[in-house]
1. Of the residues that make up region B:323-341, is at least one within 14 Å of chain A (Cβ to nearest Cβ), more than 21 Å from B:GLN238 (Cβ to Cβ) and surrounded by fewer than 19 Cβ atoms within 10 Å (Cβ to Cβ)?
2. Here are some conditions: (1) surrounded by 12 or more Cβ atoms within 10 Å (Cβ to Cβ); (2) outside the structural domain of A:LEU387 (by TED's automatic domain parsing). A:LEU276 meets all but one. Which one does it not meet?
3. Being of a type in the set (Lys, Arg), within 29 Å of B:GLY256 (Cβ to Cβ) and buried (at least 21 other Cβ atoms within 10 Å of the Cβ) is true for just one of B:LYS394, B:LYS438, B:LYS378, B:LYS405. Which residue is that?
4. How many residues does region B:1-30 hold that are more than 48 Å from the chain's Cα centre (by Cα), β-branched (Val, Ile, Thr) and at pLDDT 90 or above?
5. Considering each residue of region A:308-336, count those that are farther than 16 Å from A:GLU383 by Cβ and either facing another protein chain (nearest Cβ under 7 Å) or surrounded by fewer than 17 Cβ atoms within 10 Å (Cβ to Cβ) (or both), and give that number.
6. I'd like the full set of residues that are in contact with a helix residue (DSSP H, G or I) (Cβ under 8 Å, 6 or more places away or on another chain) and assigned to a strand (DSSP E or B), limited to region B:335-365.
7. Out of all the residues in region A:17-33, is one or more in contact with a Ser or Thr (Cβ under 7 Å, 6 or more places away or on another chain), of a type outside the set (D, E, K, R) and closer than 22 Å to A:LEU196 by Cβ?
8. B:LYS360 versus (1) farther than 17 Å from B:VAL240 by Cβ; (2) of a type in the set (D, E, K, R); (3) touching a strand residue (DSSP E or B) at 6+ places or on another chain (Cβ under 9 Å): which is the lone unmet condition?
Amino acid sequence: MKDKKYLIFFIAIITIYVVYEMQKPKSEDWTVTYHYRDRIPFGTFATHDLLKDLFDQGDVPSSFKTIYELVEQEEVDDNFLAIAGNLIFDDNDFNSLLEHVEKGNTVFLAAQDFSTRFEDSLRFEAYLEQRLNPSDFTQIANELAEETKTRVRFALPNGNEETFVFPTLTTAAYFSKVESDSITEMAWREDGKPVLLKYNSGQGNLYLSAMPLAFTNYFVLHEETSAFASSMLSLLPEDEPLIHIEYYQMGKLESRSEIRALLSYPALRWAIFILLATVFIFILFESKRRQRIIAVIPPVKNATLEFVNTLGQLYHQQKNHKNLAQKRILFWKDYVRSHYMLRTDKLDEAFKLELTRKSGVEKAKVFELVELVERIEANDMIEEGELLMMEKLMNEFYGIV
Amino acid sequence: MNYIKSFYLTNRFFAVAGALVFLFMVGFAVPAVAAIAETLFYLALVLLVLDTLLLYKQKRPLMAERIMTEKFSNGDENSIQIILEHRFQQQVFIQVFDELPVQFQIRNQQFNLALKPGEVKNINYSLRPVKRGEYDFGIINAFVFTKLGIVKRRFQLGQPKAVSVYPSFIQMRKYELLAISNQLQQSGIKKIRRIGNNMEFEQIKNYVAGDDYRKINWKASARRSELMINQFQDERSQQVYSVIDKGRMMQMPFEGMSLLDYAINASLVISNIALKKGDKAGLVTFQHKVNSVLPASSRNMQLNLILEHLYKQKTAYKESDFSQLYISLKRKVTQRSLILLYTNFVSVSSLQRQLLYLRKINQQHLLVCIFFENTEVKELIETKADSLEGVYTKGIAEQLAYEKKLIMKELQAHGIHTILTPPKELSVNTINKYLELKSRGLI
């Protein structure tokens, strides 16, 4: 019954907590994913919708492979779009990228941070003034709500210029020291720092944008800023097929744990699968009951020994050896009386001889014991040694081995 | 669903799985081993399926029945038999878990047997209950596996059954036979010299050493040319009351059984013998007040009444009130009777408090005070002490044992008969006392 009370109590507490959590206004999820399935502010669901309208092909497929894999291994010949927080390209990726552009394709890359490969080869530098703390949602929300905005000037390919107003958050990154001749600046912050570059190589173009956030749902759906995203995307030829590469912000969709490495060897794969299956089966089958539950009934204890031990300890603490010796002598005398039918009021020579004869114990031992008993009875105080001696002699007398 | 419920795996299954994992790990280094392991894996799978099929081919291939008496005897070994019969076409191995009553607290009982096709086997075991009351047996769980031993199939067989544990009727029968056939000597019981001289003649029989030679029938001896003796009948129709103290002091268990239950067992034994000897047996139980009085009688059904009465005894182990007992005996037992009082005193002072009432009872009746030697203390006395503290403990134990003797002497000083007995020998000692008192004609 008591257990049940606790159970009800706990269920009540949990229910209250759950209700409280549900009542609480849901806070916006400001995670930056740039993922086309995410409808959160910094996903790119709306951007994909926009792409559908901008390009002839309709739906723009997403790929979770590297540029190297797409170009070298699968020999894809489409235009690429990549939106990510930072673009980390290794040598293979970068070389494939340049090769791909040179062949006459258009590639659009948007990131706040470009790897040094870009900066070294294309000769520019990318700066990030303020890094977004991805877990601090309140800070993000506050910054978006703030009045401080930055104007972004965009030189359209047709020669016109347009100005868009963005929260400073979006324009934290910019390019600088653009030293290459083949690079054209296309958009600037109000302080003149470029945020969009065009790199011309062979027959193709590579666009680099420092404002990936401009492509997220939040800004694409926002009246003031949506045109900027569509204008930038318009730089990609609308009649050529386009692939959205999501590898750089999402990684490969498959798991990349260490166990993958083990699983790539067939023998180890067998071992692991058999092991896991066996553990699962073990839990499933070995947890089954073999017979009904046997409730625990504590047995009634015989507390005599405990009682005797406690009393013994108490007397031992008092260390009244004489008192205890007398108790033991009483018992011994009773034993002599009831077993050998001898009077114990006088422990004289005759008694000792008679006791020796009747008990069959060695004469010297009997004499020693009786004399010890006499001595103890005569003295007011006795030593510890005498008590132990009596124990030894009595054991011999009683025949306790 | 039932198939899954009854499906169990053996340790062999897990051993094989472990071995395969090991082989595959070796196979990572040596590809040839991996190939062997793979073959073994499929082989093991085939065997698993085969084993399952062998076990589940028939619907009810195993029968089991538990055979036992309706009533169990408290404090004795009661035998139980399980009969197992099967219809498997190959040899099977069976693990049997019988669902024992919770009172026994036995969790590790398991029987393993091997049955050849068509073979019937019995499992015999015994249980020693130490409390009266209802005991519930559950079903019989049997786990069957074949020689392959990969899969176990569980069978839930038999029927749950409740058994009543009664005061020891096994002891009752045993001592009844011995007492009637005068064979009590055989179980180590002291031979009683018949000192009594009742004048009711019964028969002439051969003289045996120890008989009273004043009763030799010289004429009969002359005729048979061997010594013959007149035997006289015991007094009959005397009242024998078993009075059981159900108080606090009777709770202490020895070998799992409380002193109360020892007393109840002994009461049953002595009542039976008294009835067989032609006396009237009765029963009184008390704790803080008198709980039940079963008037002495020698009717046929009396023994059954006593048995049922003893079976039903419950107690809260309160402090016993001997004044209440005295009043009740004074009112309800009017004829001079043998009162066998089962109680327990630990110290002389606790006896002193009750002595007045005991003496009063003894005035009207023949009172035998039965109390118990503490065998645990005795064991302690009979072991060597290895330290000073041990010596002290032993000294205290000796004092306790000595105290019991003092209690006995105190009672005897007031003309009250006593039995100081280890719990195990209670029944025997009580019978002896009864026979002794009877033959001495003291009742």
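The values are calculated or read from the model by the stated rules, or taken from the named source; none is laboratory data. Quantities reported herein were computed from a predicted structural model and do not represent experimental measurements. A quick note on method: Cβ atoms are made from the backbone with ideal geometry, for glycine too, and the neighbour counts reach across all protein chains shown.
1. no
2. Of (1) surrounded by 12 or more Cβ atoms within 10 Å (Cβ to Cβ); (2) outside the structural domain of A:LEU387 (by TED's automatic domain parsing), only one is false for A:LEU276: (1).
3. The match here is B:LYS394.
4. Looking only at that region, the number is 2.
5. Of the residues in that region, 13 qualify.
6. Correct list: B:LEU338, B:ILE339, B:LEU340, B:LEU341, B:TYR342.
7. No, the conditions are met nowhere in region A:17-33.
8. Looking at each condition in turn, B:LYS360 falls short on (3).
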